[in-house]
1. How far apart are the residue A:90 label points across copies, placing each 7 Å from Cα toward Cβ, in nm, shortest first?
2. Distances in nm, one decimal, shortest first, from residue A:183 to the same residue in every other copy, taking the label point 7 angstrom along Cα→Cβ.
3. Taking a label point 7 Å from Cα toward Cβ, how far is residue A:21 from its twins in the other copies, in nm, shortest first?
4. What length, rounded to one decimal in nm, is gained on full extension from residue B:170 through to residue B:208, with 0.36 nm per residue of separation minus their alpha-carbon distance?
5. With just the Cα atoms of segment A:157-225, tell me how far they stretch along each of the three principal axes, in Å, largest first.
6. How many Cβ atoms of partner chains, on average, are near each residue of A:39-45 if near means within 10 Å of its Cβ?
7. Taking 45 Å as R0, compute the FRET efficiency from the Cβ-Cβ separation of residue A:8 and residue B:129 and round it to 0.05.
8. Over the whole of A:60-71, what's the average partner chain Cβ count within 10 Å per residue? Rounded to a whole number, please.
């Protein structure tokens, strides 16, 4: 287990002082470390975060429909977003990991950092109440919420392409992986997307099959909108 | 649109008096009706309900791990559970539906009723605060929470069977629909499950393919545990 870090510094960054510092310690403890770990706090924090963001979006976007609100929320609470917030707080410096995770660089891993971020929200909630946690979360999200716009609630390209085709009774597109290059964690995929409309075809590429498909769908949509 | 019902009666059942009765009216209004409907409130209520239940389970099951807490929550907030709660409140009598949904019996439909139930939670939250909504929700869930036990956090039979086989390096089971009887909404499926262990085979049945598969997996697990 890593030596106890200076949690004063972290609390300053969080702009929150814990009454029960044990809660913060637990939130920072990965299951690989000895002692009580953060998974239950993560479960709680995930739910509390979801409702705080839901309420904020409800207020901030009075004209958004349910689908748009859901997509905006997904954008704000997806692992990538939580990972970035965790990085801004340098959470990696304060994590408690088992020796295996330590050696393999677990303090840099997106899943471990984003889980710890959620666990901290759970810890703040148990340490205080819903209103205080709301202030805490909205403070951390201030810039992101400020930059948010309804455009970001757009459906992903594959969904938009499929809906466009379905509205015209055209069959759904075909996606085919044409090649992939690189090893497990640094692979690039190429995907062809074919639609039964003007014989359109486009090639997309990305770090996963899914991303390559989205890229290909986006290119088909561009071709369609360019006539 | 249905005539304005007597919301006094509903508020008595809910054991909650709205300061802004317009919120309750909106929560009861399906998108098929004219006017402002309940979809945004449902989005909000779903999130608030999720965090209230998460917190309650966190307190009620101090030994449960995150997977068990997640499964218990899923059990309490799945459509079927919300539908039953909505029925206990006779929500169908108070729904505001468009004429199409009215004619087709929308006030009895599980999705419409469970959505309205969540929307009411969102409405209570906006009408009051988190603590009052917590009291409101826990009151409605009192019997269900009292009857809850960790056994209910068991993984479903298909998952348990697959994990049991994988732990023994046996390939995953094969499921095959052998027949189905009945029309669209009243169909019954029969599924065979075969595993590469003691030549076990079992037949399951259910109202959906998935349910029939779960039933078949459960029977294989019974055969395994009976040696």
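1. Distances between equivalent label points, in nm: 6.3.
2. 6.1
3. So the label point of residue A:21 gives 5.5 nm to the other copies.
4. Values: separation 38, 0.36 × 38 = 13.68 nm, distance 2.68 nm.
Contour length minus Cα-Cα distance gives 11.0 nm.
5. 40, 19, 18 Å, listed from the longest principal axis down.
6. Working: counts 4, 11, 2, 1, 12, 8, 2.
Shielding by partners across A:39-45 averages 6.
7. Numbers: r = 32 Å, r/R0 = 0.71.
Working from the Cβ atoms, E equals 0.90.
8. On the way: counts 0, 1, 1, 1, 2, 5, 11, 2, 2, 5, 3, 0.
Partner Cβ neighbours, averaged per residue: 3.
Read-outs throughout are calculated quantities, based only on the coordinates presented, and are distinct from any laboratory measurement. Keep in mind that this is a model prediction, so the values were computed, not measured. Positions of Cβ are generated from backbone atoms using ideal geometry, with glycine treated the same way; all protein chains shown enter the neighbour counts.
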